[in-house]
Amino acid sequence: MDLLLVERVSVVYPDPCRGTSPGSWDLQSQGEAMRLLVVSGRLDWSVPTTYALSMVRGLLQRGHEIQMVCRGGVFMPLFRSLGIEVYENPSSWLARRKLQGFLQEFDPHLIHATGGPGSLRISNRLSAALDTPFVHTVHSWLRSERSARSTRSAAAVVVVNQDLREHLVNELGIVKDRIRVIPYGIEVADTDHEPKGFSGIPVIGTVGRLEKGRRLDDFIEAAAILRKTSGDKIFTILGEGPDETRLRGFSKSLDMDGVLTFAAPPADPDSVYRAVDLLMLVSDWGGSGLHLLEGLARGVPTIATGGGEILSLLGEEGICTLVKPGDPEALAEAGRELLADPEKAQRQASKGIEHVREHFPMRTMLDKLEALHENLSTQSTS
């Protein structure tokens, strides 16, 4: 079973322009070309990295100049394949001064931190050193005062839904006028993304960073329950993170060795979602919803736990199946029902493709980011 899964998730670095078209990305810039410094944490499989890739790729195609600073990561070659300079944030004072010199030559109009505490700390430092404003994209609840304080110092804050905006205003005291709601842009190709059917041994998977608070224990317990129902199944967790060792131990304690696999996801999101026939996304809160939207865009039937406006809407529209967090038995039952009713799964998947195409176009995200970048740059030079 492991060999079958490995074959389906073979790592391929994609062509930077693969699957794109003028209709989906809109190559025409809405204003003057800008020099943008994009700052990320580790470029591993995570929501901020996926977001950064979409933003960088789209803005490059619209004629903007981009350089990056990050904390390393396996996806650095992918970003460099786009033809941009990607610097790894140095630890020594002397190396930082050297990097600062390179960036002063680039002379960015604006810094954009793509999410996570690593990108925030670096952006704060570079913003002061380069005398350049920075904008920060927030993908999930900010749980530390340090992150909240750094976010307050940003010239503007981008959030991906109204839930996050209310969180920043009501719980962290960030001025509402400085927050912009810019939903994710998801590329939905005109071809290739048909609703998936169940053929052969179904692969039931989850994706995301392996860290505490993700409720991945629920997925493992649900997998152990589903395993006992009729028919062979493969279960996989696609992701990396600090909680992997504990999760592997928990899986082993439920006698899931050889049935549930852990795999580092490939750099190409298409390969990730091609690897699974049924997606289970587990958390206490619906979060940013990026993995959910990506899966729906690729026609993968999806079960999700958590809350938030995106999940509530999708559940009401019958686009995905919602399950209360912390209930592995209900999660397993939802999986059993979809596996037993492929027609229902395909109806959901078809609705998902159309919903993402209609409500989360890549063009809209890029238009709004361009307008924000240009506005902040104009303010800083006036």
So Ser377, is it of a type in the set (Ser, Thr, Tyr), part of a helix (DSSP H, G or I) and in the same structural domain as Leu279 (by TED's automatic domain parsing): no
Residue match in the range 45-58 (condition: assigned by TED's automatic domain parsing to the domain that holds Lys368, in a loop (DSSP other than H, G, I, E, B) and at pLDDT 55 or above): yes
Restricting the range 105-121 to residues that are at pLDDT 95 or above and assigned to a helix (DSSP H, G or I), the residue that is nearest to Ile84 (Cα to Cα): Phe106
Residues of the range 245-270 that turn out to be out of contact with any helix residue (DSSP H, G or I) (no Cβ under 8 Å at 6 or more places or on another chain) and either surrounded by 24 or more Cβ atoms within 10 Å (Cβ to Cβ) or not in a loop (DSSP other than H, G, I, E, B) (or both), as a count: 7
Check on Pro117, in the same structural domain as Arg71 (by TED's automatic domain parsing), buried (at least 19 other Cβ atoms within 10 Å of the Cβ) and not polar (S, T, N, Q): no
Where Arg214 falls short, out of the listed (1) in contact (Cβ under 8 Å) with a residue 40 or more places away in the chain; (2) touching a helix residue (DSSP H, G or I) at 6+ places or on another chain (Cβ under 9 Å); (3) over 28 Å from Arg363 (Cα atoms); (4) crowded, with 20+ Cβ neighbours inside 10 Å: (2)
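Any residue at all in the range 207-218 that is of a type in the set (A, V, I, L, M), in contact with a Gly (Cβ under 9 Å, 6 or more places away or on another chain) and in a helix (DSSP H, G or I)?
Checked the range 207-218: at least one residue is of a type in the set (A, V, I, L, M), in contact with a Gly (Cβ under 9 Å, 6 or more places away or on another chain) and in a helix (DSSP H, G or I).
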Unique match (being assigned to a helix (DSSP H, G or I), surrounded by 18 or more Cβ atoms within 10 Å (Cβ to Cβ) and in contact with a helix residue (DSSP H, G or I) (Cβ under 7 Å, 6 or more places away or on another chain)) among Ala345, Ala349, Ala334, Ala304: Ala345
Of residues in the range 229-244 being modelled with pLDDT of 90 or more and not acidic (Asp, Glu), the one surrounded by the fewest Cβ atoms within 10 Å (Cβ to Cβ): Pro242
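The values are calculated or read from the model by the stated rules, or taken from the named source; none is laboratory data. Treat the numbers as computed from the prediction; the structure is a model and nothing was measured. FYI the Cβ positions are ideal-geometry reconstructions off the backbone, even for glycines, and counts take in every protein chain you see.
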